[in-house]
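Right, one structure below, let's go through it.
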Amino acid sequence: MIPYEGRVFRPPSEAYSLIIQVTIGCSHNKCTFCDMYKEKAFRIRKLEEIKNDFAIARRAYRHVERIFLADGDALMCQTEHMAEILRHIRATFPECERVTCYGSPASILVKKQEDLDLLHGLGLDMIYMGLESGSDEVLRRVNKGETADEIVSAGLMVKQAGMKLSVTCIAGLGSLELSEEHAIATANALSRMKPEYIGLLTLLFDLPTPLMEDWKAGRFYLMDPVEIAQETLTLLTHIDCEGSVFRANHASNYVNLAGTLNRDREAMCQKLRAALEGRVRFKNEAFRAR
């Protein structure tokens, strides 16, 4: 059995991928809305440990098409460290068709463009990156660690390297006070990056976080389904991401949406309008989960 330290987090699209920890935890790990990786201190694993995990996987699986390099910030590895991992994957799993990982904006921005070019050339196909919001004020309040311009710059570096970019944002993160600013600024940031994939989650509280404590103390308002639907409608109205696959079908979402922008934008907006008019049901709270 392949060892794994702590809880496993991976994008929904990596459900059937081989998951190997390259780093432990998240290098930032200070976002006030996030309860992931809190039990782990960030570190980069040694190459011999990683290669041993791959050896176990090679003995266990005859065919591996996809590999996801965990944890929350695998791209924080030094370029040559990651390059050696990718070379090892090529040698050990020649049948592998896709290698992906999370990449924080900080882990991308500390690299040179030629570093990302090299990693793509060695087989790194896609980076999952969290935008969360295009509003600098929202990003500041949740302690994201970067501005919207910095996050957009990181996303454009990934695309320039030839890798696919998958970006997540969070409905309700600015609360009702900043809802419109959050929606419009997020749409603008996404429009500047034009990622191949966009994932819209909805803020919810499960395990303790600083933002959850603010909510319990009455310092943060958690938006209701109608308010979230209106915010999402505003986002979709302002977005211009021709060809981007848009998904808001996570368990956290009140209304499931799926389409390709800009082609399916109006159909998704119509579904949200139907929900606001009571013709489409919002997901029951009991079925919302991470």
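The values are calculated or read from the model by the stated rules, or taken from the named source; none is laboratory data. All values reported here derive from a predicted model rather than from experimental measurement. Glycine gets a Cβ as well: all are built from the backbone with ideal geometry, and neighbour counts include every protein chain shown. Surface areas here come from the heavy atoms of the whole protein model, side chains and all, with no ligands, DNA or RNA. Shrake-Rupley method; radii C 1.70, N 1.55, O 1.52, S 1.80 Å.
What to note about this one:
- Residue ID - most open to solvent (accessible area, probe 1.4 Å), chosen from residues in the range 247-290 that are in a strand (DSSP E or B) and of a type in the set (Gly, Ala, Ser): Ala258
- Any hit, the range 146-166, residues being under 28 Å from Glu277 (Cα atoms), open to solvent by 20 Å² or more (accessible area, probe 1.4 Å) and modelled with pLDDT of 95 or more: no
- Residue in the range 19-37 that is surrounded by fewer than 17 Cβ atoms within 10 Å (Cβ to Cβ), of a type in the set (A, V, I, L, M) and modelled with pLDDT of 95 or more present: no
- Scanning the range 131-145 for residues that are open to solvent by 10 Å² or more (accessible area, probe 1.4 Å), touching a residue at least 60 places away in the same chain (Cβ under 8 Å) and of a type outside the set (Lys, Arg) yields Glu132, Asn143, Gly145.
- Test: residue in the range 202-213 that is in contact with a Cys (Cβ under 7 Å, 6 or more places away or on another chain) and under 22 Å from Glu231 (Cβ atoms): yes
- In the set (1) touching a helix residue (DSSP H, G or I) at 6+ places or on another chain (Cβ under 7 Å); (2) open to solvent by 50 Å² or more (accessible area, probe 1.4 Å); (3) assigned to a helix (DSSP H, G or I), the condition left unmet by Leu236 is number (2).
To keep it simple, each residue is scored yes or no on (1) over 21 Å from Arg247 (Cβ atoms); (2) assigned to a helix (DSSP H, G or I).
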position: Leu118; (1), (2): yes, yes
position: Ile151; (1), (2): no, yes
position: Gly155; (1), (2): no, yes
position: Val158; (1), (2): no, yes
position: Glu177; (1), (2): yes, no
